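The values are calculated or read from the model by the stated rules, or taken from the named source; none is laboratory data. Only a predicted model underlies this, so the values are computations on that prediction, with no experimental measurement involved. All Cβ positions, glycine included, derive from the backbone under ideal geometry; neighbour counts span all protein chains shown.
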Amino acid sequence: MADYGAGAARASQAYRMTADAGLSPADAAIALHERLCRELFAAKLAYEQKALDRMCLHTTRCTHVLLELRSGVKVEGGDDGARALEQLYLHLFWGVARVLRAKEPAKRLQYIIDILWKLSREMRTFQINRQKSIS
């Protein structure tokens, strides 16, 4: 049985450590998105190798990080973008949590990877353009 409280605590600690490392909240989120992509790719590879125990380890890590990301979104008094981001994290959480119920789990994992990778690229581009406009 997985210890979800400990996993959530580790995800929270990782999020705080990225902030303590001098990263902006957006850079920390980008780093976590990229970590999620790596974990999901490892889960997909484990599934394809029929190593379901490894796949479950990777997907559990992902659900913890997704919950931490979702909890970090300021929805109260936030704009529609914040609400949309919170809903996206929730959608991805359930997609990962229920991956073995999917007709084709490997395709489901790739779908989630593609969404997170695209979001990371867009966030990174936004950060770069924002920094250029400030300097």
### Query
Scanning for something buried (at least 20 other Cβ atoms within 10 Å of the Cβ), over 22 Å from Ala31 (Cβ atoms), over 16 Å from the mean Cα position of the chain (by Cα) and not charged (D, E, K, R), does the range 42-51 turn up at least one residue?
yes
### Task
Select from the range 1-51 the residues that are of a type in the set (Ser, Thr, Tyr) and at pLDDT 55 or above and list them in ascending order.
Ser24, Tyr47
## Note on the structure
Within the range 108-121, the residues that are charged (D, E, K, R) and either in contact (Cβ under 8 Å) with a residue 12 or more places away in the chain or exposed (fewer than 12 other Cβ atoms within 10 Å of the Cβ) (or both) are Arg108, Lys118
### Task
Please work out which one of (1) touching a residue at least 40 places away in the same chain (Cβ under 8 Å); (2) surrounded by fewer than 18 Cβ atoms within 10 Å (Cβ to Cβ) is the condition Thr59 fails and give its number.
(2)
### Query
How many residues does the range 73-93 contain that are part of a helix (DSSP H, G or I) and more than 12 Å from the chain's Cα centre (by Cα)?
6
### Residues located in the range 75-106, provided they are basic (Lys, Arg) and loosely packed, with under 12 Cβ neighbours inside 10 Å
Arg101, Lys103
